[in-house]
Every structure is written in structure tokens, then in C-alpha cells.
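Asker: Pasting in a structure now, in C-alpha cells, and then I'll have a few things to ask.
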Amino acid sequence: MHRNSDAPRHVPVLLRRADEILGPALAADGAVYLDCTLGLGGHAEHFLRTYPDIRLVGLDRDTNALKLAGERLSPFADRITLVHTRYDGIADALEEAGLAARGSVSAILMDLGVSSMQLDEADRGFAYSVDAPLDMRMDSTGGLTAADVLNTYGHGDLARVLKNYGDERFAGKIASEVLRRRQKQPFTTSAQLVELLYDTIPAAARRTGGHPAKRTFQALRVEVNRELESLEAAMPAAFDSLAPGGRIVVMSYQSLEDKVVKAEFTKRSASRTPLDLPVELPGMGPEFKILTRGAEKATEQEIEENPRAAPVRMRAAERIAGEETT
Ligand SMILES: C[S@@+](CC[C@H](N)C(=O)[O-])C[C@H]1O[C@@H](n2cnc3c(N)ncnc32)[C@H](O)[C@@H]1O
């Protein structure tokens with residue numbers, strides 16, 4: 001099912017705040033804006049309109065998103081380069097766009113997770129509320145599907161995925177039931193999995209823990225798309241690509257993502273002078289200064305206007321002029 005073109009487009013999350021932070025870095029002549037999660041191009045369109053001199057390098061692993069964003073951004077065709085890649089391919093994507101992998105970018109946005117389009121397209125299998133093939137790949141051109149994970153993983157691996165990525169209390173029990181049922185009939189549709197979860201998660205826990213499929217679907221999505229590995233590899237490359245004065249904004253939607261993001265922000269904003277030295281060594285001060293106090297959340301008003309903003313945690317930083325990358 002594809003989104004009706006008359007349907008309203010989704011509202012980009014924390015757009016005004018992202019503009020407040022990235023704006024000063026985008027106002028300079030010839031600024032380069034790297035959008036690591038182009039999606040439907042909502043943030044990108046705003047920045048291209050607001051800053052008429054910027055150049056966009058836009059990445060997404062979803063070919064359908066790139067196609068739709070390309071159509072939306074066609075009025076700016078002479079200022080954009082769109083690249084089909086995971087965001088840990090930042091260095092190659094910048095080189096493909098004729099830019100250096102280090103020190104060439106003015107502003108970066110990473111708006112993590114799935115897009116509203118991916119959730120709306122029932123046949124992608126991200127939503128547990130509709131019966132669809134158990135796919136969940138953001139990049140439909142290759143890799144394991146959620147059905148492959150359910151039909152091939154051993155008990156230990158499956159339970160680990162459900163526990164670590166979904167924080168599912170009943171991970172072991174669910175994994176046992178998956179292995180039992182798949183012997184009779186392999187998993188192909190989300191309805192099969194939802195039925196199993198209703199049968200396996202005790203009624204008392206179902207009443208308190210939100211929809212019983214929520215945690216398992218999140219866990220499978222993170223596993224299928226290798227979301228955390230990709231993010232762990234992307235964060236250093238993103239920071240390295242920033243020029244002096246360059247700024248980065250990262251929006252996470254679940255605690256595991258924010259943990260990875262926070263670790264890189266903490267590392268990059270710490271002094272590199274050995275702890276046992278009494279004074280800061282020249283050139284060994286922090287490379288970045290943090291621009292947000294902890295992780296910023298959406299305001300109540302924004303959540304009311306755009307419920308997708310409810311779980312967002314936003315962090316931002318700026319490269320301190322004169323500090324070299326490590
Ligand atoms: C929340 S949406 C971005 C929405 C966008 N900011 C907008 O305004 O339209 C996230 C996008 O990131 C993409 N994505 C998620 N993980 C990715 C990864 N590891 N590499 C590249 N793109 C990724 C998804 O395919 C999706 O299109």
C-alpha cells in the first residue's frame with residue numbers, strides 16, 4: 001500500500017530547534033549540509049529553501065525514500081547530491097559528491113529510525129497493527145528479513161535480540177514458542193507473530209506493558225537493519241567530516257540509539273590531555289562543544305501537533321575552531 005499523494009506530508013520533527021542550531025553554520029557562503037537520513041526530505045527542503053546558497057548531500061538506505069525525496073527536492077536539483085547508502089558510508093558518500101571525508105561539512109542532521117512513510121507502507125511489514133509480510137528492511141535491495149530472523153536464528157540469538165533490542169521480559173519464552181511453531185509452519189506474516197505474542201505474553205503483563213507486539217517488532221527491526229552497528233560506525237565519521245565551526249544535530253527515538261549517540265558526544269567534548277597532567281596540552285583540548293543541555297525533548301505543544309516527536313531525544317555539538325580531528 002502506498003501513501004495517497006493527497007495525504008498530508010509528515011511534519012519534520014523539531015524543525016524550528018534544528019534550524020536554530022544548524023542555521024549559524026549554514027549561513028556561511030558555500031556551506032555544505034549533510035542529511036544522513038533524508039527520508040522524505042522534510043528537513044532538507046526547509047534548509048534548502050531557507051539557505052539559498054547551501055549544497056545538500058543527502059543519504060538514505062531506502063531507495064523508495066530517495067526517489068520520493070528526489071522528486072520533492074527537484075526545484076533544487078543543481079544544489080543536491082543524493083546517495084543510496086547506510087549512514088556509516090558517510091566518507092564514501094562525501095567523496096562521491098566531490099568533497100573530503102574530513103573537515104568539509106558545515107552542518108549535519110541525523111534524524112534516526114523509521115520514517116512515517118515506511119510505517120505507512122503496510123507491505124514493508126514495520127507496523128504490527130496490519131497483517132503484512134514480515135519484511136522490515138529499510139533497504140529492500142538486500143539482507144535478511146524479519147521472517148528470515150524468526151525462521152533461522154537459534155533460541156539463544158533470538159532471545160538475545162528480543163531482550164537487548166526490545167527490553168522484552170519474556171524473551172526466552174517467546175523464542176521457545178517461535179522455534180516450536182516454525183517447525184510446523186515458517187513465519188511469513190506479521191499476524192502469525194502477533195498471534196504468538198498474544199498467546200505467549202501473560203495476560204497480566206499484557207494489561208500494563210503497552211501493545212504486546214511493540215517490543216518484539218522494535219527488536220526485530222533493529223536486528224534486521226543492524227541499526228546500532230550502523231550508528232556506532234557512523235558517529236565517528238560524522239564528527240570527523242565537520243569543518244571548524246561545523247555543527248551536528250542527532251535525534252534519537254529510543255534509548256539504545258541515544259546511548260550510542262551520547263557516548264560519542266561525551267568522547268568528542270572531553271579533553272584529550274592525559275588525566276595526570278595538571279594543564280591542558282596545546283592542541284589536546286576538546287574538539288567539540290556541546291550545544292544542548294543533556295538530551296532535549298519536544299515541547300508538549302510540538303507533541304500535540306506531531307505525536308511522532310514524543311520519544312525524541314536531541315543532542316547537538318559544534319566543532320571548536322582550531323582543534324584538529326584525532
Ligand atoms: C525519521 S526518517 C527521516 C525523516 C526526514 N528527516 C524528513 O524530514 O523527511 C529516517 C530515515 O533514515 C533512514 N535510515 C535509517 N537508518 C539508516 C541508516 N543506517 N543509513 C541510512 N539511512 C537510514 C530511513 O530509511 C528513513 O528514511
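Every number in this text was worked out from the coordinates using simple rules, so none of it is lab data. Please read all numbers here as calculations on a predicted model, not as lab measurements. Cβ sites come from the backbone with ideal geometry, for glycine too, and all protein chains shown count toward neighbours.
Asker: Please work out the FRET efficiency for the pair ARG293 and ASP131, using the Cβ-Cβ distance as r and a Förster radius of 45 Å; give the result to the nearest 0.05. Don't skip to the answer; put the middle values down first.
Answerer: On the way: r = 44 Å, r/R0 = 0.97.
Computed FRET efficiency for ARG293 and ASP131 comes out at 0.55.
Asker: Taking the Cβ-Cβ separation of THR50 and ARG169 as r and a Förster radius of 30 Å, what is the calculated FRET efficiency to the nearest 0.05? Walk me through the intermediate numbers first.
Answerer: Working: r = 46 Å, r/R0 = 1.53.
Using R0 = 30 Å, I get an efficiency of 0.05.
Asker: Report the extension gain between GLU232 and THR189 in nm, rounded to one decimal, defined as 0.36 nm multiplied by the number of residues separating them, less their alpha carbon distance. Could you put the intermediate results ahead of the total?
Answerer: On the way: separation 43, 0.36 × 43 = 15.48 nm, distance 3.06 nm.
Result for the pair: 12.4 nm of gain on full extension.
Asker: Can you give me the distance in nm between label points at LEU119 and HIS84, each placed 7 Å from the Cα along the Cα-to-Cβ direction?
Answerer: So the two model labels end up 2.6 nm from each other.
Asker: Using only the Cα atoms of the range 157-197, what do you get for the radius of gyration and for Dmax, in Å?
Answerer: 10.1, 28
Asker: Okay, next question. Calculate, for ALA205 and THR266, the FRET efficiency according to 1/(1 + (r/R0)^6) with r their C-beta to C-beta distance and R0 41 Å; round to the nearest 0.05.
Answerer: 0.75
Asker: What's log10 of I(q)/I(0) for the range 131-223 at q = 0.11, 0.23 Å⁻¹, Debye sum over Cα points only, no solvent?
Answerer: -0.27, -1.25
Asker: If Lys and Arg each add +1 and Asp and Glu each add -1, what is the summed charge of the other residues whose beta carbon sits under 14 Å from the beta carbon of THR141?
Answerer: The answer is +1.
Asker: Once you place label points 7 Å from the Cα toward the Cβ at THR152 and VAL11, how far apart are they in nm?
Answerer: Calculated label separation equals 4.2 nm.
Asker: What's the long-distance tail for the chain, i.e. % of Cα pairs beyond 37 Å? Intermediate values should be presented prior to the final figure.
Answerer: Working: 11616 of 52975 pairs.
Above the 37 Å cut-off, the chain has 22 percent of its Cα pairs.
Asker: May I ask for the net charge around ALA317, where only other residues with Cβ less than 10 Å from the Cβ of ALA317 are counted and Lys, Arg are +1 while Asp, Glu are -1?
Answerer: +2
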